[in-house]
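Taking it in order: structure first as structure tokens, then the write-up.
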């Protein structure tokens with residue numbers, strides 16, 4: 001399998017880990033020294049971000065999540081690459097409270113280490129969208 005397909009598989013696994021609450025799969029996508037930049041929060045390390053992104057199974061969560069992410073651009077430069085991703089996230093409380101919709105872009109920098117691609121930096125611009 002070529003590098004581009006491995007990166008596309010990483011993207012698909014990242015989305016799957018988020019939507020299914022698969023914390024272990026999320027951890028596999030992220031390098032140990034990764035740094036995430038999140039609006040209103042600042043820097044987050046691998047474990048903190050992974051727990052937030054895939055913090056539990058959908059059955060356990062008090063909120064239903066609907067994530068729509070599109071890979072807008074993928075560029076490779078040797079053992080490094082970046083992904084430009086456009087996402088919309090709808091969070092619907094199971095208790096019937098109004099849903100919250102977020103939208104924005106993220107830029108993920110990847111590096112190939114020990115034969116596999118991982119996220120090493122990620123800047124996310126998703127913010128709440130007024131209904």
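Does the stretch 73-92 contain at least one residue that is loosely packed, with under 14 Cβ neighbours inside 10 Å, under 26 Å from residue 131 (Cα atoms) and out of contact with any helix residue (DSSP H, G or I) (no Cβ under 7 Å at 6 or more places or on another chain)?
Here is the first cut: in the stretch 73-92, the ones loosely packed, with under 14 Cβ neighbours inside 10 Å are 73, 75, 77-80.
Retained after the next criterion (residues that are under 26 Å from residue 131 (Cα atoms)): none.
No - not one qualifying residue is present in the stretch 73-92.
Whether any residue in the stretch 66-86 is assigned to a helix (DSSP H, G or I) and at pLDDT 85 or above is what I want to check.
Restricting attention to the stretch 66-86, the residues satisfying the condition of being assigned to a helix (DSSP H, G or I) are none.
No, because not a single residue in the stretch 66-86 is assigned to a helix (DSSP H, G or I) and at pLDDT 85 or above.
Residue under question is residue 111, and the condition is that it be touching a strand residue (DSSP E or B) at 6+ places or on another chain (Cβ under 8 Å), more than 28 Å from residue 4 (Cα to Cα) and either touching a residue at least 60 places away in the same chain (Cβ under 8 Å) or not in a strand (DSSP E or B) (or both); does it hold?
Numbers: touching a strand residue (DSSP E or B) at 6+ places or on another chain (Cβ under 8 Å): yes; more than 28 Å from residue 4 (Cα to Cα): no; either touching a residue at least 60 places away in the same chain (Cβ under 8 Å) or not in a strand (DSSP E or B) (or both): yes.
Criteria not met by residue 111.
Select from the stretch 117-131 the residues that are at pLDDT below 95 and assigned to a strand (DSSP E or B) and write down the one among them that is surrounded by the most Cβ atoms within 10 Å (Cβ to Cβ).
124
Report every pair of residues separated by at least 6 positions or lying on different chains whose Cβ atoms are under 6 Å apart, first residue within the stretch 10-23 and in contact (Cβ under 8 Å) with a residue 12 or more places away in the chain and at negative phi, second part of a helix (DSSP H, G or I) and surrounded by fewer than 17 Cβ atoms within 10 Å (Cβ to Cβ).
Every condition considered, the pairs that remain are 13/25; 17/25.
If I go through the stretch 16-32 residue by residue, how many of them are assigned to a helix (DSSP H, G or I) and under 18 Å from residue 79 (Cα atoms)? Full working, then the answer.
Of the stretch 16-32, the ones assigned to a helix (DSSP H, G or I) are 16-20, 23-29.
Next, only the ones that are under 18 Å from residue 79 (Cα atoms) stay: 28-29.
Residues that pass the stated criteria total 2.
Working only within the stretch 74-108, note down all residues that are on the phi > 0 side of the Ramachandran plot and touching a strand residue (DSSP E or B) at 6+ places or on another chain (Cβ under 7 Å).
Step one: list which residues in the stretch 74-108 are on the phi > 0 side of the Ramachandran plot, which gives 78, 96, 104.
Hit for the stretch 74-108 is 104, nothing else.
If you go through the stretch 36-65, how many residues are touching a helix residue (DSSP H, G or I) at 6+ places or on another chain (Cβ under 9 Å) and either crowded, with 16+ Cβ neighbours inside 10 Å or at pLDDT below 85 (or both)?
Total satisfying the criteria: 14.
The values are calculated or read from the model by the stated rules, or taken from the named source; none is laboratory data. All values reported here derive from a predicted model rather than from experimental measurement. Ideal geometry is used to build each Cβ from the backbone, glycine not excepted, and the neighbour counts take in all protein chains shown.
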